[in-house]
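Before any comments, here is the structure.
The values are calculated or read from the model by the stated rules, or taken from the named source; none is laboratory data. Quick caveat: nothing in here was measured; it's all calculated off a predicted structure. Neighbour counts are summed over all protein chains in view; Cβ atoms, including those assigned to glycine, are modelled from backbone coordinates with ideal geometry.
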Amino acid sequence: MAVIDKSVLRRVHRRDRWARWVITVGGIVIIGSVIAIIAVILFEAAPLFAPAQSRVLVDGQELPDLAEPALAVGVDLVELGQSLSSASITAYGFVPSGEVLFWDIAVPADRRERPSVKLVHRAPLREFGPVDAGASEEAAGVKEAPMKEGSSGGAAASSSRSLLREVARMSASRYLCRWSDGAASLVQVDITPQFDESGRRSVSYGVKRLAELPAEKDKTPVREVMCAVEGGGFRCARLWPDRRLELIVVSVRENMLTGETEEQKERSWLADPPGDRPVTAMAFNQDGSRLFVGTEDGRLGRWEFTPEGKMRRHENMIAFGDGRAVTALSSVYGNISLAVGDSLGQLSIWFDVREGEQRHLRRIRDLYAHSGEVKTIIPSQRDKTLLSCGGGKASLDYMTNGRHLLTLEPDRPLVQAGYSPRGNSVIGIDDANRLHLWKVSCPHADVTLASLFTKVHYEGYDRPEHKWQSSGDEPKHGLVPIIFGSLKATVYAMLFATPLALASAVYVSYFTTPGFRRSIKPIVEIMAALPSVVIGFLILLWFAPFLARWLTSFFTSLITVPLAFVLFLSFWQAVRRFDWAKRIEGGYEFLVLAPVLCAGVAAAMVLGPRIEDMIFGGDMRQWLFTAGWTQWKPQGLWTALFGSTGVQYEQLNALVVAMGLGFAVIPIIFSLADDALSSIPHSMTAASLALGASRWQTLWRVIVPSASPGIFAAIMVGFGRAVGETMIVFMAAGNTPIIDMSPFNGFRTLAANIAVEMPEAPFGGTLFRLLFLCAVILFCTTFALNTLAEVVRQRLRKRFGRY
Amino acid sequence: MNNTGRENAQSAAPSPTAATAAAAAAMGCPPPVGQVRQAAQFWLKGEPFVWATGAALAATLTMTAVLLGVVLWNGLGVFWPSPLEAVVLKDGSKLLGDVNDVQYDPHTEKTNIKYRVGNSELQQPFRWVSADEIASIEYPPNALMLDRMRDLQYIGYLKSIEAPGLELAPTDDPPAALAAALSAVRARRDAELSELMAQEKQAAQELHRQVKYQLIRARYQFKQLAPEDRQSSSRGQVLTQRIAELERQETELKNTTDRLRGQINARMQELRRNVAVFVDASGREKQIALLDIVRFCHPNSMTLWAKVKHYAAKVWELVSDDPREANQDGGIFPAIFGTVLMVFLMAIACFPLGVLAGIYLGEYAKSGPLVNLVRVAVNNLAGIPSIVFGIFGLGFFIYLVGGQLDAWFYPDRVAAAEPVFGKSSILWASLTLGLLTVPVVIVSTEEALRAIPRSIPEGAYALGSTKFQTLWRVLMPMASPGVMTGFILAMARAAGEVAPLMLTGAVKDAPLPLDSQFPFIQFDQKFMHLGYHILDISCKSPNVEATKPLVYATTLLLLLIVLGMSGSAIWLRNRMRARYQSRAM
């Protein structure tokens, strides 16, 4: 026996150990990382469903300079980078002396310390006396009056003669100040933080006067709303003590030649105030084209500007029949919906719905129910979020899906609340005149499980609908049309592919000669390698236009091809007793049949146009569009499929996609079904044939039942492939996300949705994450289908493995 | 056959004829006689169903043949110079062009002919003509078709050549004269401009690749300093100097390129004064600078050999040239190169790891439910939609990994909004595709190992070899054809896959991702890809009609690559199977 050198042995074993380690660790890492795919896409999609976050920045801080209760408060939070320490947080309040107090709230790095509050700026808001109503044109103009900036404003604060009586919030940064003498001004608070190169921050404050309305002599209106409109003018609605509503429209025209501006003021009385009870809430929408009025007995009125510039009443309805009062009104971002708060604390959303010929204001959904009267509703200026304050609490709700985001409830009841224009912070003043400040965030407020998968009543629609539309003021993120599209594509494709693939597999594995079997299998496998972009392109540029021209022939071929087949079989019966025919029956049938099928197609191409002329009036697409089938007596099936209003034939439709997709799926189903059929032991076939069964009987009664789990698995895998196929659908399906079973129009699938929308989706946004959610759905569906198929196949393998 | 099988057989509701046959057999009915008997047997035995399955196969194969035929017919015919027809219509108008399409309208029973008449700056480049309207067709021998740098084809007749700067021998033959003028002007251009162009290119490259990014970095570093350090500290001064130096270089290089560009433009302007004057079918004259003419042909008077040469030149242009006119014309070399490079990078990343994982699963992992689960999972990954891999690549590689790498190594570039790794690029596209194809390699490696009869490794163990020795010296050599098959299949899949690339780095127009310095490949570049090119020019092209020929040619090329690769893989696998089967017996 040869003696091996010890060192060689050691080296060999060392190498073996090393290899074992490297391979084991490497293998596990590879497999683990491959499986981590689902983890990553879940990780990206998960924040969609994260709850809204709120963080207390200031909790019940006494404000030494706020001796009297603030009339209104607001906040502005500008973040720079990730950390709050570099953020600029500015709160402000309107006080009766006519000042706006600004507090720069710097948050120190150590979060446990109280942030310091410092008065930076006191600006006098107004310095004019009552103006005679007749001669008011000049003074009432829209003037830009930026207040002093910086920190030196405190000195000039004392000389104003009239006091602020009330401040109403028109939006997150616009306020209507009403003076004790009856005048009113619409102001906008501007806070501009600036950062120099080293990152040091300085803030400039300004209060811009947008519109000014002088007082009437000896009269004070009860309530008023004002709205600045584009081009410099404004609109104002005033409620007088005698319950009459006055409308004042100030428009500014620029003289093109001189460049001077010219003001025009129109005053009119609005006819028919709603009901006979006092008006308790009024609101313009954001561009001033609509005026909403709510009353103490729960009525809602709506006036609209006609194109001629007249205000016309469109609505006067009993909104709440139970005697509750409308206490707060606000137009929601997007300018369509109205948020209504009532004296019972309920916040509800209303907008126009078409009923017959007319459009009526309808209560669409209820949002948060406060425990007491809703005092203010402040819409976000970025999305459909609403801040409402009532019953001592503040609540953030998202309008479209009715999602309640946050309840902000400090230890003492809130009396005032404000919302930052960026929608990232909320300020509150409690009944002890203390300051509360929250940072709030909910980046994906518009997504809930319900809004993704159920019908939602979107603005401007007459009924709740499934809808996907990723752009616009109100993004519609219903996944149902997309999922429907995936299913539609898959079902149509499988209807086309499954019979062809399974029958081909049966023929190849049982009836044809071994020689053909050996050569056809690779051909089909090469078919499987056909890049889907090639199929997509051929469908798009070649097949879709072709089918549009030969549509009738296509449907005719569904009859002529089987007919040709049956005719041929009848003929065959006569000749099959000859020897050469017998030889053909030994596995060459498909060669003979190919020309027969082609003849069937040719007949359809000849007959199609004739039939089109005869039945469809010369153009089948037109016939479909004008609902020609309604002239037929038995129209049940057609009406069930297409309705009675006609079908638009789109060139890129489910039919052409089904052909393309089916073509991509056939090789997969074929290969797997062929494997399953071949795995049945030959002894079973032999036994069946020996007992006198014909070759078809053997196949149908013996082989197919045994192989049925494998065939089922093949269909499953094919289904999975069709669901996830991207390029064919992306190129040939038109990508319109609609729910319609008709084979003549397009659709959008999950996979195509990702391909279509991803280039426009900003990183980390709602759309971006929703597309990851689509990917999660695709992943889970295909993974489940494939796993099921794999398990079935393994069981099949085990069952027949012993033969 | 066990119980479930029989139940299935009964519950599967066989077709009525088969059932009748079975019933007849069961009841012992006397079979019919003669002809009738034979006919009945044919139906009762279920022969028609056999024929029906055969029909399905025939349909499938016919459809495949039609599909390949359409691609071949359109793809191969693209470049063949087909005759130019000078058509006079019944209303007296004339057109000159080649037949692009013929459609028969079954309702009106008329034939419509689509002519490509070119000259897109003057008219619609395609024109439908009903066969009835045609009064006469001629084939003028001197009709020319030009491929131009701009505006695609021009079809017309040569009137004269006005080339004051060239010395041309006078000839009577217009094509020969044009050919001579073209080669003369090109020779002039090469002689005068190639040097300048090379200089300009180098300067632009230096400016773009080096000075620009050095400047970004220096400025960023300077900004990072505390404001008080910027002036006083030595580092601040060094950086100030460096920025000044780089800015000086930048202006210098810019001036150089501007000057060179100016010179080039001036010379080009001069060369472009050499023009040829053409007349189109309706008699309009058109001056075309000789430099704008890429090539020309006069199909009506060309010999077969000349046509073949023209065809070959066009094919060569397709595979070797850059695209022109927003991908509507010219070649697709960058797309071919991008595809090959991407597949190559994918192979480097995916093959070793896939083989490692396959060996682990096949030889090292202890078999149990967990490993079985993993095996099923890996098998299934091959069936996960490719777009999911694409979105994974985007979320993981580009935003997570790339963003992190940038944060570590290139904060300056991120600040200048020009991220290096945090954007789609050929690197991330290759890795994404590597992940997509790794299951193919794993599965084929494992199967190749499993196909080896157990007696072989056992023999090796019996001779005292370790596991690694057995693997390395015995199993892997035997499994290598199977592993190779996996490689080729993976490459074929990667070459044909487009969906993930849309999200991770393929674009419609990009320079070659190459560099003159180490590592010679610009990993952070976007790239062109054959499949994406097909998508782009078929879906997003402004003028689909004009680009159709190019799409077909590109498709044919992609099909050749992909089908060639997978065909060879399948052939290899079948051969290997045969080998093991014979050995196992």
Next item on the list: Give just the number: which of (1) within 26 Å of A:Asp16 (Cα to Cα); (2) touching a residue at least 60 places away in the same chain (Cβ under 8 Å); (3) more than 22 Å from the chain's Cα centre (by Cα) does B:Asn372 not satisfy?
Entry: (2)
Check: Within segment B:440-454, is even one residue closer than 30 Å to B:Ser480 by Cα, more than 10 Å from chain A (Cβ to nearest Cβ), touching a residue at least 12 places away in the same chain (Cβ under 8 Å) and not in a helix (DSSP H, G or I)?
Finding: yes
Next item on the list: Kindly establish whether A:Val3 is outside any helix (DSSP H, G or I), over 30 Å from A:Glu99 (Cα atoms), within 14 Å of chain B (Cβ to nearest Cβ) and of a type in the set (Val, Ile, Thr).
Entry: yes
Next item on the list: Just name the residue that is surrounded by the most Cβ atoms within 10 Å (Cβ to Cβ) out of those in segment A:577-600 that are small (Gly, Ala, Ser) and assigned to a helix (DSSP H, G or I).
Entry: A:Gly600
Next item on the list: Those residues that are more than 15 Å from A:Ala761 (Cα to Cα), at the interface with chain A (Cβ under 10 Å from one of its Cβ atoms) and not hydrophobic (A, V, I, L, M, F, W, C), I need them from segment B:394-405; list them, please.
Entry: B:Gly403
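Considering segment A:685-700 alone, what residues qualify as being under 27 Å from A:Val665 (Cα atoms) and within 7 Å of another protein chain (Cβ to nearest Cβ)?
First pass over segment A:685-700, keeping only residues under 27 Å from A:Val665 (Cα atoms): A:696, A:699-700.
Result: A:Trp696, A:Trp700.
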Next item on the list: Consider B:Ile534 carefully, then state whether it is buried (at least 16 other Cβ atoms within 10 Å of the Cβ) and either within 14 Å of chain A (Cβ to nearest Cβ) or without any contact (Cβ under 8 Å) to a residue 40 or more places away in the chain (or both).
Entry: yes
Notebook entry, point to check: Among the strands (runs of 3 or more DSSP E) contained in segment B:95-138, which hold 1 or more residues that are more than 20 Å from B:Gln287 (Cα to Cα) and without any contact (Cβ under 8 Å) to a residue 24 or more places away in the chain?
Noted result: B:110-116, B:126-130
Notebook entry, point to check: Counting just the residues of segment A:9-61 that are within 12 Å of chain B (Cβ to nearest Cβ) and of a type in the set (S, T, N, Q), which one comes out farthest from A:Asp431 (Cα to Cα)?
Noted result: A:Thr24
Next item on the list: Filter segment B:164-201 for residues that are touching a residue at least 60 places away in the same chain (Cβ under 8 Å) and in a loop (DSSP other than H, G, I, E, B) and give the result.
Entry: B:Pro164, B:Gly165, B:Leu166
Check: Which of the residues belonging to segment B:485-511 are more than 12 Å from every other protein chain (Cβ to nearest Cβ) and within 15 Å of B:Val343 (Cα to Cα)?
Finding: B:Gly486, B:Phe487, B:Gly505
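Rundown of residues vs (1) at pLDDT 90 or above; (2) within 21 Å of B:Ser386 (Cα to Cα); (3) assigned to a helix (DSSP H, G or I), yes/no style:
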| position | (1), (2), (3) |
| --- | --- |
| A:Val506 | yes, no, yes |
| A:Tyr510 | no, no, yes |
| A:Lys521 | no, no, yes |
| A:Ile526 | no, yes, yes |
| A:Ile539 | yes, yes, yes |
| A:Trp542 | yes, no, yes |
| A:Leu547 | yes, no, yes |
| A:Thr556 | yes, no, yes |
Check: What residue, of A:Pro522, A:Pro475, A:Pro531, A:Pro514, is surrounded by 19 or more Cβ atoms within 10 Å (Cβ to Cβ) and closer than 26 Å to B:Ser568 by Cα?
Finding: A:Pro531
Next item on the list: Read through the list (1) at pLDDT 90 or above; (2) more than 7 Å from chain A (Cβ to nearest Cβ), then give the number of the only condition that B:Gly34 fails.
Entry: (1)
Next item on the list: For segment B:47-70, enumerate the residues that are β-branched (Val, Ile, Thr) and within 7 Å of chain A (Cβ to nearest Cβ).
Entry: B:Val50, B:Thr53, B:Thr60, B:Thr62, B:Thr64, B:Val70
Checklist line | Top-ranked residue of segment B:537-575 - restricted to ones that are out of contact with any helix residue (DSSP H, G or I) (no Cβ under 9 Å at 6 or more places or on another chain) and assigned to a loop (DSSP other than H, G, I, E, B), ranked as farthest from the other protein chains (Cβ to nearest Cβ) | finding: B:Pro542
Notebook entry, point to check: In the set A:Leu540, A:Leu551, A:Leu591, which member is facing another protein chain (nearest Cβ under 10 Å) and closer than 30 Å to B:Thr111 by Cβ?
Noted result: A:Leu540
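Between B:Gln210, B:Gln221, B:Gln241, which is surrounded by 13 or more Cβ atoms within 10 Å (Cβ to Cβ) and without any contact (Cβ under 8 Å) to a residue 12 or more places away in the chain? Quick ask: steps written out before the conclusion?
Details: B:Gln221 fails: without any contact (Cβ under 8 Å) to a residue 12 or more places away in the chain; B:Gln241 fails: surrounded by 13 or more Cβ atoms within 10 Å (Cβ to Cβ).
Going through B:Gln210, B:Gln221, B:Gln241 in turn, just one is surrounded by 13 or more Cβ atoms within 10 Å (Cβ to Cβ) and without any contact (Cβ under 8 Å) to a residue 12 or more places away in the chain: B:Gln210.
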Note to self: Please go through segment A:599-615 and give me each residue that is out of contact with any Phe, Trp or Tyr (no Cβ under 9 Å at 6 or more places or on another chain) and not basic (Lys, Arg), ordered by number.
What the structure shows: A:Val601, A:Ala602, A:Ala603, A:Val606, A:Leu607, A:Asp613, A:Met614
Notebook entry, point to check: Quick one: how many residues across segment B:460-469 are modelled with pLDDT under 90 and surrounded by 15 or more Cβ atoms within 10 Å (Cβ to Cβ)?
Noted result: 5
Checklist line | Residue check for A:Leu66: at pLDDT below 75, buried (at least 16 other Cβ atoms within 10 Å of the Cβ) and either assigned by TED's automatic domain parsing to the domain that holds A:Ser451 or not acidic (Asp, Glu) (or both) | finding: yes
Margin query: Every residue in segment B:369-426 that is of a type in the set (Phe, Trp, Tyr) and within 30 Å of B:Leu530 (Cα to Cα), please.
Written below: B:Phe389, B:Phe392, B:Phe396, B:Phe397, B:Tyr399, B:Phe421
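Would a scan of segment A:456-476 turn up a residue that is in a strand (DSSP E or B) and in contact with a helix residue (DSSP H, G or I) (Cβ under 6 Å, 6 or more places away or on another chain)? Break it down stepwise before answering.
Filtering segment A:456-476 down to residues in a strand (DSSP E or B) leaves A:456, A:465, A:468-469, A:476.
Restricting the remaining residues to those that are in contact with a helix residue (DSSP H, G or I) (Cβ under 6 Å, 6 or more places away or on another chain) gives A:468.
Within segment A:456-476, one or more residues are in a strand (DSSP E or B) and in contact with a helix residue (DSSP H, G or I) (Cβ under 6 Å, 6 or more places away or on another chain).
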Check: Quick one: how many residues across segment A:510-530 are more than 18 Å from A:Phe663 (Cβ to Cβ) and in contact with a Ser or Thr (Cβ under 9 Å, 6 or more places away or on another chain)?
Finding: 3
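Please return the ranges of strands (runs of 3 or more DSSP E) entirely within segment A:266-331 where 3 or more residues are at positive phi.
none
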Checklist line | Top-ranked residue of segment B:333-369 - restricted to ones that are of a type in the set (Val, Ile, Thr) and either away from chain A (no Cβ under 14 Å) or more than 21 Å from B:Pro513 (Cβ to Cβ) (or both), ranked as nearest to the chain's Cα centre (by Cα) | finding: B:Ile336
Note to self: Condition first: more than 20 Å from B:Glu545 (Cα to Cα) and polar (S, T, N, Q). Now tell me which residues in segment B:56-93 satisfy that.
What the structure shows: B:Thr60, B:Thr62, B:Thr64, B:Ser93
Notebook entry, point to check: Yes or no: B:Ala479 of a type in the set (Gly, Ala, Ser) and within 11 Å of chain A (Cβ to nearest Cβ)?
Noted result: no
Checklist line | strands (runs of 3 or more DSSP E) contained entirely in segment B:268-336, each with at least 3 residues that are of a type outside the set (A, V, I, L, M, F, W, C) | finding: B:285-289
